[in-house]
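The values are calculated or read from the model by the stated rules, or taken from the named source; none is laboratory data. Nothing here was measured: the structure is a model prediction, and the numbers come from that model. Cβ sites come from the backbone with ideal geometry, for glycine too, and all protein chains shown count toward neighbours.
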Amino acid sequence: MSENLTGALTLAQQICWDETHGYVWGADMNPDTDCSGFVGYCLSQNGFNVPRRWDTSTMIPTLQAYTGFTEYIWQPGFQWQNGDIAVWNEWNPVTQINDGHTFFYAENVTGYISNDPTNGDGTTGLLTQARIEASSNRGRPQTGDQDNGYGMHPEVWVHPFSFSDGGHTWHIFRWQGGTPPVPPGHNKAKLPIWLIDKLTKGA
C-alpha cells in the first residue's frame, strides 16, 4: 500500500469521534492510546512504514529519515499546511525522563468548537484550522467519554487550532512524497457516513 496521508487524517478523525477511545500514556490503541501511538497508528494503517508503537523521541529521527517528509523547525510566522505533523521531545531534568507531544494539524474539518478543557465536548462545528490529537488535557465529559481511571476524561479529539511553543523546539514534518491531503471543505454532503451518524445522534 502506498502512503496515504489523507487516509491517515480521515482515520484520525474517525477515532476521535469514537468515544470508546481515550487517552492513556503508553497505551497502544487497545482501545486507548497516547499521542505518539495515535499518530503512529494512523500513519501505519495508511501505508507509512513507521512503527505502530513509538514515542516522540523515536518519532523525530524516524520521520527525519523517511523519504517524502520535509522537516521544519517552528518559528514565529510559520505557515501551517493541512496534514502537518508536529512533534517535540526534550529531556526533563525534574522527572529524569524525556517529555514530548505530537499532533496532526488539519484544515476544514468537523470538531468541537471550544478548547475549554473544563466543559466537556460541547458544541460541534466546522473548524477552518484544527488539532487532531490524543491529549490528557481534557475535562468533564459528555455521555460516553472515557474516564480511564484519571477522574478526568482525557481522550482523542478534534478541536480548534491553537499553538504556543511552550519553550520547546517543535519539529514540523510535511508530507511531500505524493498527493498532499486535501481539506474536506464546507460541503456537508461530503461528510463520511460515520460522522453524519455521530452528529445526528449527538456528539
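Worth pointing out:
- Of all the criteria given as (1) of a type in the set (G, A, S); (2) within 22 Å of D28 (Cα to Cα); (3) at pLDDT 90 or above, the one not satisfied by S135 is (3).
- Residues within the stretch 101-115 that are buried (at least 20 other Cβ atoms within 10 Å of the Cβ) and either among the hydrophobic types (A, V, I, L, M, F, W, C) or under 18 Å from W54 (Cα atoms) (or both), tallied: 6
- Among the residues of the stretch 16-52, those identified as closer than 18 Å to S136 by Cα and touching a helix residue (DSSP H, G or I) at 6+ places or on another chain (Cβ under 6 Å) are W17, H21, D28, M29, S36.
- Scanning the stretch 155-203 for residues that are modelled with pLDDT under 60, surrounded by 11 or more Cβ atoms within 10 Å (Cβ to Cβ) and assigned to a loop (DSSP other than H, G, I, E, B) returns G185, A203.
- None of T143, T118, T70, T128 is among the polar types (S, T, N, Q), more than 17 Å from the chain's Cα centre (by Cα) and modelled with pLDDT of 90 or more except T70.
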